[in-house]
Amino acid sequence: MAVITGASQGIGAAIARHFAGIGYAVVVNYHKSPEAAEALCADITEAGGSAKAFHADITDEAQAAALIDFAVTGFGGLSVLSTMPASRKACRSQRSRRRISTPPSP
């Protein structure tokens, strides 16, 4: 199961198509483009994949949590999370909220 944020168009849509093409069920997250998200889900489904659209503004913690809950509840788990910020403002907002630490390279 893959959750792709900002997946209704551009690079996010290409990533959603890729994961669907290799067998993942996909949640297509969108903020402002419901028609594009639904069209992408229809394309994925017509090609034999599984996809559902979900509206969430990922800069809002409660909406981001609802997105993940939807994926886990609807598909039984989460294997991939790919985030595509819709704008520089969203990207700056996410960076200012959290500091993500990564483990040192072995």
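What follows draws every value from the coordinates through simple rules; no lab data is involved. Please read all numbers here as calculations on a predicted model, not as lab measurements. Glycine gets a Cβ as well: all are built from the backbone with ideal geometry, and neighbour counts include every protein chain shown.
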What spacing in nm lies between the two simple spin-label points modelled at S50 and E35, each 7 Å away from Cα in the Cβ direction? 3.0 nm
Under a point spin-label approximation (7 Å from Cα along Cα-to-Cβ), what is the E61-T83 distance to one decimal in nm? 1.3 nm
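Just to confirm a number: summing +1 for Lys and Arg and -1 for Asp and Glu over residues other than T45 whose beta-carbon lies under 11 angstrom from that of T45, what do you get? Can you show the working numbers first?
Details: positive: K52; negative: E38, D43, E46.
Result for the neighbourhood of T45: -2.
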